[in-house]
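After the structure tokens below, expect a handful of questions from me.
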Amino acid sequence: MSIRVGFGFDVHRLQAGRPLKLGGVEIPAEKGALGHSDADVLLHSICDALLGAAGMADIGHHFPDTDMRWKDADSRMLLAEVVRLIGTAGWRVGNVDCSLVLERPKIKPHLEAMKAEVAALLNVSLDAVGIKATTNEKLGYVGREEGVCAYAVALIERR
Ligand code: MG
């Protein structure tokens, strides 16, 4: 096959006093995401989509949360490493499309900056990066603002 598709999902708990990093961009918010790395749920879901498309083990395998190298790590570094890994296996990114799910704050003002970060990390043009954001209509853990989650699909092509 010369093209492959992959899917990724991630969730992080929200907590006051933590920074909220989404798509490599720090977003002003009352609560931020809790995690071993900077807890960038959007970049983590893209990592898993790419790794899954390449038939590789997931993000937790490559960057275990028991490894102090990834403590508070900038997830842009993790995504760059995933792009390198799939590259050595003969793949390049075609496009990605993602949905972020959180109640607050509004993501729209930050979407273009997030797309630019992701496109640069993936070595693709801006129109090859889709990022949407929706609330969870106040339902469940996302609705109670206890967490934020992200879904991503990625297409990869033979280099
Ligand atoms: Mg994660």
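The values are calculated or read from the model by the stated rules, or taken from the named source; none is laboratory data. From a predicted model like this one, the values you see are computed outputs, not experimental measurements. All Cβ positions, glycine included, derive from the backbone under ideal geometry; neighbour counts span all protein chains shown. SASA here: full protein model, heavy atoms, side chains in, ligands and nucleic acids out. Shrake-Rupley method; radii C 1.70, N 1.55, O 1.52, S 1.80 Å.
When segment 25-47 is examined, which residues are found to be within 14 Å of the ligand (Cβ to nearest atom) and surrounded by fewer than 24 Cβ atoms within 10 Å (Cβ to Cβ)?
Residues satisfying the conditions are Gly32, Leu34, Gly35, His36, Ser37.
If you don't mind, there's one more thing I want to ask. Could you look through segment 1-13, keep only residues that are open to solvent by 20 Å² or more (accessible area, probe 1.4 Å) and within 13 Å of the ligand (Cβ to nearest atom), and pick out the one that is farthest from Glu112 (Cα to Cα)?
Arg13
Before we move on, is Ala16 of a type in the set (A, V, I, L, M, F, W, C), without any contact (Cβ under 8 Å) to a residue 24 or more places away in the chain and open to solvent by 20 Å² or more (accessible area, probe 1.4 Å)?
yes
Please tell me if Val153 is touching a helix residue (DSSP H, G or I) at 6+ places or on another chain (Cβ under 8 Å), in a strand (DSSP E or B) and open to solvent by 20 Å² or more (accessible area, probe 1.4 Å).
Spelling it out, Val153 is indeed touching a helix residue (DSSP H, G or I) at 6+ places or on another chain (Cβ under 8 Å), in a strand (DSSP E or B) and open to solvent by 20 Å² or more (accessible area, probe 1.4 Å).
For segment 19-49, which positions are touching a residue at least 60 places away in the same chain (Cβ under 8 Å), hydrophobic (A, V, I, L, M, F, W, C) and not in a strand (DSSP E or B)?
Those that are touching a residue at least 60 places away in the same chain (Cβ under 8 Å), hydrophobic (A, V, I, L, M, F, W, C) and not in a strand (DSSP E or B): Ala29, Val41, Leu42, Leu43, Ile46, Ala49.
Select from segment 63-76 the residues that are assigned to a helix (DSSP H, G or I) and surrounded by 17 or more Cβ atoms within 10 Å (Cβ to Cβ) and write down the one among them that is nearest to the ligand (Cβ to nearest atom).
Filtering segment 63-76 for residues that are assigned to a helix (DSSP H, G or I) and surrounded by 17 or more Cβ atoms within 10 Å (Cβ to Cβ), the one nearest to the ligand (Cβ to nearest atom) comes out as Ser75.
Moving on to the next point. Hey, could you check segment 50-60 for residues that are away from the ligand (no atom under 13 Å from the Cβ) and in a helix (DSSP H, G or I) and say which is surrounded by the most Cβ atoms within 10 Å (Cβ to Cβ)?
Leu50
What residue, of Ala29, Ala33, is farther than 17 Å from Val93 by Cβ and under 14 Å from the mean Cα position of the chain (by Cα)?
Being farther than 17 Å from Val93 by Cβ and under 14 Å from the mean Cα position of the chain (by Cα) holds for just one of Ala29, Ala33, which is Ala33.
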